[in-house]
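Novice: Encoded as structure tokens, here's the structure I'll be asking about.
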Amino acid sequence: MDKILTVCPYCGCGCGLYLHVENGSISGVSPSRSHPVNRGSLCIKGWNAHEFVTHPERLRYPLIREDSYLRKVGWDEALGFISSRLKKIKKIHGPDSISIISSAKCTNEENYLMMKFARAVIGTNNIDHCARLCHSSTVGGLATTFGSGAMTNSISEIADAKTLFVIGSNTIEQHPMVAMYIFEAIEKGATLIVADPRKIRLAEFSHIHLRHRCGTDTALLMGIMNSIVAEGLVDIDFVKKRTENFDSFRKILKRYTPDVVEGITGIHADDIRKVARLYAMEKRSMLFYSMGITQHITGVDNVKACANLVMLTGHIGLPSSGLNPLRGQNNVQGACDMGALPDVYSGYQFVKDPIVRRKFKRIWGVNLPEKSGLTMMEMVEKAYKGELKAMYIMGENPLLSNPYSDYTREALQRLELLVVQDIFLNETAQYADVILPAASFAEKDGTFTNTERRIQLIRKATAPVGESKPDWEIICELSSMMGYEMNYRGTYEIMEEVALLTPIYGGILHHRLNTGLGLQWPCPSTDHPGTPYLHRKKFARGLGTFMPVDFIPPDEPPNDEFPMILTTGRIYSRYHTTTMCGRTTVLEREEPEPFIEVNPSDAEKLKIKNRDSVKVTSKRGSIRLNAYITTTVPEGTVFIPFHYSVAPANALTNPALDPEVKIPELKVCAVKVEPL
Amino acid sequence: MKPTELILYKDHLSYWLRQLRKERELIGPLRGEETDIVFKSVENIHDIVLDLPAILPTVKEFLFPQYEPMFKYLMTDEVVDLRDNTKRVIFGVRSCDVTALTLLDKFFLDGYKDPFYEERRNETVLISIVCGRPEPECFCAGLNTGPYLEKGFDVQLTDLGDRFFVQVGSPKGHSAVMRFSFLFRKPYKADYEDQYEVFLSSKATSQKRISLEGARQLILSGKVKDDFWRMISDKCFECGGCVYQCPLCTCFTVTDRVFGDIIERVRLWDACLFKGFTRLAGGILPNEERYLRTKRWFYHKLIYYPDALNGFGCVGCGRCTIACPTKIDMASVITRLKVTAGSEG
């Protein structure tokens, strides 16, 4: 029996857990008691993080599609096939006809190599990953305001906060260990404010629950700020010394009086004032947000509004005081940090900056593309139009996670070459020309970066199943086959290259991570202890910038034909497209069937009872599933978790994009619900 | 049978364990990251941690693993038994866990004998160490489930500084000690005095008292209404941590895995805190409301366990206090139970 310390592969909390290995296979899981995030606890997913690793449906060897069936092939044949097809497509259509989707489930080292593969081997900046669908608004919005798009505090600091303002995050279900600290703070007397149209579980414990209309977050935040200014609660010293552009922001802010905002959001003006006071008057105030803020056509504006709020009150740059986007995937922070994005290299160094490009060119030894690449949704659009010829997807399932699945499916089918590299044959892989079997988190080494910027080692516990290989090895072999030698003896060598090229990871080396429980970036040098909270004396970009934002309503308001608002999200026992949870006995059993939450008064109007089958239709598609009648959703709004391939919520969702970062508006679209 | 009592000098501990390891897998408490302690195979005997905190990980998994392959069925109609028959000796076990095993024995072996548990149990020798420094979470002393046991152990050690006071309490323990009798000597009067000193001080420091019997009587009196369980369960994350970490929780589910021509049957830890645990055909969930599940867990520990197995389903190990993200653990729930029932007369 061996016990291997590693990191949970589910959410961004990044809990430390031991994998128990008996007779060469995993026999259990236990939490690390001294871990700074989970302190001996785990959620239901963490406790069951081992079972899928040896599931019979794991991909065990490479497959190539031949007509309608998948033929088992050797690695040489599979990689040879991909290499020659990619080279041909690149030669005929140019490097920008190829795109890469990297993975927030994979390690930092793998994301770095994938981004190097796209830029140095293929010669394109067309690389993106699922952060586009979750926190691209954060990366974009906070880059312009603060200069750094990440959680500013550490998770353990939450316990000492006095006011907790949670907007658009279903924290108990999606970041259980963050919720654990929120409860500890409440126990110590903190005030909890929750803003969410749904009566999520956390709202039961809030002192104030603001149920604003879906998609009116900017207005709500502007109203709160207007009230803060009107009541003289601004941290004037902070605004003067640490920020710029306040005056132009203030001009717009004047229009958002609590009464005006009440009209937009449906929140009583007095409640807006109350929240303003509660949030502004306590020094240790923490603001948390997640998909409820980011997944809108105004995602970036929403994030900027949050940033404006913390700057206005000076609630940033201190322990237990800051702006905290809760990142979703186990390594979505890391995948962004590693530059698996179309406009930046690792460490958010801009592709368009010639000095940065020169630096990467010197180490990588090739000319690098100057133009920013395509985002995820643009890739799909170009594929649909036939302008994009090949797509290489590592550890993602866009068919289920992207909005408007029919469109995505058609786009994938139009590709000349689709390569999917995954641990299971997911929905997207069913359209792939080549499928490469990857090793799971328990079968490889590397690092994950959690939502509090903590870079932690994951360690190989067992040998990869079948002929599967760690993603980084696959990328290295393919790259070498395509004529660009990638030769690393282990993931520690890759991290050394990351550290060389990436200032915020400058002191991150595996031997430093091998003892202790991780380091938090920025960590610029090998003697640097890491940074528990950001922006202490100055913002990453120098001065914080107030960005004027204006309320823009959702792209698709309800109308006569589609009278209800659909909002989507996740549930506790499932994770994203459920490739892993769906293959875990007790997780699968919790909520085996898809459902739609309907308010009782809507149910009465529609003449549906609990567990009745209903048909839900939007402009883009239609699905059938059972109704779950609950007051969790307000009247006129329905909620569907997007996990289920038998009734994919994303068959309905709106692909309208935020103009700046191209995140789709997954949180609001118009639907009609009909009984069956 | 009065346990055989001996003295083992710490200088001879590694020699003894090394001899035991020649025949068995030696499991011991080793340092994980930071202050973590984990039970795993001992590579280097000198890495075994002797200065241990009171609360160690449960050793339940060595007898009843979280994921346990049971058998393989081949399409040729052949069945391959996958029962684990590794011989193990586990060093450093806590008394509370030893007590828990005597109850698990009743559960798994009285009447129908669970062959998987039986095999592992028969092949495992436990060397427990009397706990000298209880942690704020644990409360074995008031329950007589520790820190010092009179019976039920294979070998019990009491740390006397430079030597261990050794008590042998079972034939398995006897064999593990007596074959190396040259390492041990008979205790002198001073040894007994030192041992009594440790016994007293460990008793004196174990101050946390939780009366399971008192809680049981309160529940049976009908004074504890469902509102109490609603209040207790409202923060439950349904993680299953209390169940997984409890040395006395035994729920499992069984699943079949089809690998081409081979079907493997596996059993896995399950938890009554999950709403799917009692899912019926047609999607009916008798315990959909969270409080019903929390209530049942406490009822199982405090009512059903004593009724069926003549012992509480709790040994005061304090692991649920650590595992629960929102502190819905045995100790604090009983405290709240008494306060609530008290205030309502």
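Novice: Mind checking the mean number of beta-carbon atoms from other chains within 10 Å of the Cβ atoms in A:174-182?
Specialist: Details: counts 0, 0, 5, 3, 0, 4, 7, 1, 1.
Average per residue, whole number: 2.
Novice: Report the relative contact order of chain A, percent, no decimals, based on alpha-carbon pairs under 8 angstrom and at least 6 residues apart.
Specialist: Details: 1625 pairs, mean separation 132.9, N = 676.
Relative contact order of chain A: 20 percent.
Novice: So how do B:L160, A:L606 rank on accessible area, 1.4 Å probe, biggest first, that is with the largest at the start?
Specialist: Numbers: B:L160 20, A:L606 40 Å².
From most accessible down to least: A:L606, B:L160.
Novice: Taking region A:16-139 on its own, what percent of its Cα-Cα pair distances exceed 26 Å?
Specialist: Tail of the P(r) past 26 Å holds 48 percent of the pairs.
Novice: How are the C-alpha pair distances of region A:510-627 spread across 10 Å bins, as whole percents from the shortest bin up?
Specialist: 9, 21, 19, 20, 20, 10, 1
Novice: Expressed as a rounded percentage, what relative contact order does region A:370-512 have, with Cα pairs under 8 Å and six or more residues apart? Could you put the intermediate results ahead of the total?
Specialist: Details: 183 pairs, mean separation 19.8, N = 143.
This gives 14 percent for region A:370-512.
Novice: Over region A:366-488, what is the percentage of antiparallel beta bridges among all DSSP beta bridges, to the nearest 5? Let's see the in-between values first.
Specialist: Details: 4 of 14 bridges.
Around 30 percent antiparallel, to the nearest 5.
Novice: Ok, one more. For B:D256, project a label point 7 Å along Cα to C-beta. Then give me every residue of region B:64-89 with its amide nitrogen under 15 Å of that point.
Specialist: Only B:70-80 pass the distance filter.
Novice: Please give the FRET efficiency for A:D406 paired with A:K361, using the beta carbon to beta carbon distance and R0 = 51 Å, rounded to the nearest 0.05. Please list the in-between numbers first.
Specialist: Values: r = 41 Å, r/R0 = 0.81.
That gives a FRET efficiency of 0.80.
Novice: Going down the list B:K106/B:K172; A:K45/A:K199; A:K240/A:K352, which pairs span over 26 Å between their C-alpha atoms?
Specialist: A:K240/A:K352
Novice: Further question: Could you tell me what percent of the DSSP beta bridges with both partners in the protein assembly as shown are antiparallel, to the nearest 5?
Specialist: 60
Novice: Follow-up. Can you give me the P(r) profile for chain A? Cα pairs, bins 10 angstrom wide beginning at 0, each as a whole percent.
Specialist: Calculated P(r), rounded to whole percents: 3, 16, 27, 28, 18, 6, 1.
Novice: Right, another one. Using Cα-Cα distances under 8 Å and only pairs 6 or more residues apart, what relative contact order does region A:136-326 have, in percent? Walk me through the numbers before you get to the answer.
Specialist: On the way: 342 pairs, mean separation 63.1, N = 191.
Answer for region A:136-326 is 33 percent.
Novice: With chain B treated as a Gaussian network of Cα nodes joined by springs under 10 Å, which of B:L109, B:L157, B:L56 yields the largest mean-square fluctuation?
Specialist: Maximum among the listed residues: B:L109.
Novice: Sorting A:W47, A:W75 by accessible area (1.4 Å probe), largest first, what list results? Could you put the intermediate results ahead of the total?
Specialist: On the way: A:W47 0, A:W75 25 Å².
Ranked list, largest accessible area first: A:W75, A:W47.
Novice: Along each of the three principal axes of the Cα atoms of region B:190-237, give the extent in whole Å, ordering the values from largest to smallest.
Specialist: Here the Cα extents, ordered largest to smallest, are 56, 29, 12 Å.
Novice: Which value in deg cm²/dmol, rounded to the nearest 500, describes the helix-derived mean residue ellipticity at 222 nm for chain B, given -39,500 (n - 2.57) per DSSP H run of n ≥ 4 and division by the residue count?
Specialist: Working: 13 runs with 117 residues, N = 345.
Result for chain B: -9500 deg cm²/dmol, rounded to the nearest 500.
Novice: With all protein chains present, calculate the accessible area of B:C138 using a 1.4 Å probe and round the result to the nearest 10 Å².
Specialist: Ignoring ligands and nucleic acids, B:C138 comes out at about 20 Å².
Novice: With a 1.4 Å probe and all protein chains in place, put A:Y384, A:Y69, A:Y488, A:Y392 in order of accessible area, largest first.
Specialist: Values: A:Y384 75, A:Y69 125, A:Y488 30, A:Y392 5 Å².
Largest accessible area first, the residues go A:Y69, A:Y384, A:Y488, A:Y392.
Novice: How many percent of all Cα-Cα pairs in region A:564-675 sit more than 26 Å apart? Could you put the intermediate results ahead of the total?
Specialist: Values: 1136 of 6216 pairs.
When every Cα pair of region A:564-675 is considered, 18 percent fall beyond 26 Å.
Novice: Follow-up question, since we're still on this one. Report which residues of region B:65-114 become buried by 50 Å² or more of accessible surface when going from the isolated chain to the complete set of protein chains (1.4 Å probe; DNA, RNA and ligands ignored).
Specialist: Output list: B:Q66, B:Y67.
Novice: Further question on the same structure: Order these peptides, B:22-32, B:97-107, by their mean beta-carbon neighbour count within 10 angstrom, highest first.
Specialist: On the way: B:22-32: 18.2, B:97-107: 21.4.
The most tightly packed comes first, giving B:97-107, B:22-32.
Novice: While we're on this one: So, taking all protein chains as they sit and a 1.4 Å probe, how much accessible area belongs to A:D550, in Å² rounded to tens?
Specialist: Spelled out: A:D550, probe radius 1.4 Å, area about 60 Å².
Novice: Determine the distance separating the Cα centre of region A:399-443 from the Cα centre of region B:29-51; give it in Å without decimals.
Specialist: 43
Novice: Moving to a separate point now. Within chain B, what percent of beta bridges assigned by DSSP are antiparallel, to the nearest 5?
Specialist: Details: 36 of 47 bridges.
Here the antiparallel bridges make up roughly 75 percent for chain B.
Novice: If the cut-off is 16 Å between C-alpha atoms, which lysines fall inside it for B:K186, apart from same-chain ones fewer than 8 positions away?
Specialist: By straight Cα distance, B:K186 reaches B:K2, B:K10.
Novice: At 222 nm, what value in deg cm²/dmol follows for chain A if DSSP H runs of at least 4 each add -39500 (n - 2.57) and the sum is divided by all its residues, to the nearest 500? Could you put the intermediate results ahead of the total?
Specialist: Working: 23 runs with 207 residues, N = 676.
After summing the helix terms and dividing by residue count, I get -8500 deg cm²/dmol.
Novice: Which whole-angstrom value gives the distance between the alpha carbon centres of region A:199-274 and region B:211-226?
Specialist: 49
Novice: On a straight-distance basis, which aspartates and glutamates could pair with A:K538 in a cross-link, Cα separation under 17 angstrom, same-chain partners fewer than 8 positions away excluded?
Specialist: A:K538 reaches A:D235, A:D237, A:E244.
Novice: Would you work out the charge dipole size for chain B about its Cα centre, treating the Cβ of every Lys and Arg as +1 and the Cβ of every Asp and Glu as -1, and quote it to the nearest 20 debye?
Specialist: Values: 48 positive and 47 negative charges, 145 e Å.
It comes to approximately 700 debye.
Novice: Given the C-alpha atoms of region A:2-54, compute the convex hull and give its volume per residue in Å³. Walk me through the numbers on the way to the answer.
Specialist: On the way: hull volume 3.4 nm³, N = 53.
It comes to 64 Å³ per residue, whole-number rounded.
Novice: Here is a further query. Any of A:K382/A:K615; B:K113/B:K151; B:K113/B:K338; B:K225/B:K301; A:K607/B:K235; A:K105/A:K609 with alpha carbons more than 29 Å apart? Name them for me.
Specialist: Over 29 Å Cα-Cα: A:K382/A:K615; B:K113/B:K338; A:K607/B:K235; A:K105/A:K609.
Novice: Taking the Cα centre of the protein assembly as shown as the origin and placing charges on Cβ (Lys, Arg +1; Asp, Glu -1), which of A:N330, A:V229, B:Q66 is farthest toward the positive end of the dipole?
Specialist: Comparing the listed Cα positions along the dipole, A:V229 ranks first.
Novice: Continuing with this model, one more query. With just the Cα atoms defining each centre, how far is region B:164-203 from region A:113-183? Give it in Å.
Specialist: Taking the Cα centre of region A:113-183 as reference, the centre of region B:164-203 is 57 Å away.
Novice: Any idea of B:V125's accessible area? Nearest 10 Å², probe 1.4 Å.
Specialist: For B:V125, the solvent-accessible surface is approximately 0 Å².
The values are calculated or read from the model by the stated rules, or taken from the named source; none is laboratory data. None of the values given here were measured: they were computed from a predicted structure. FYI the Cβ positions are ideal-geometry reconstructions off the backbone, even for glycines, and counts take in every protein chain you see. Side chains included, ligands, DNA and RNA excluded: accessible areas come from the protein's heavy atoms. Shrake-Rupley method; radii C 1.70, N 1.55, O 1.52, S 1.80 Å.
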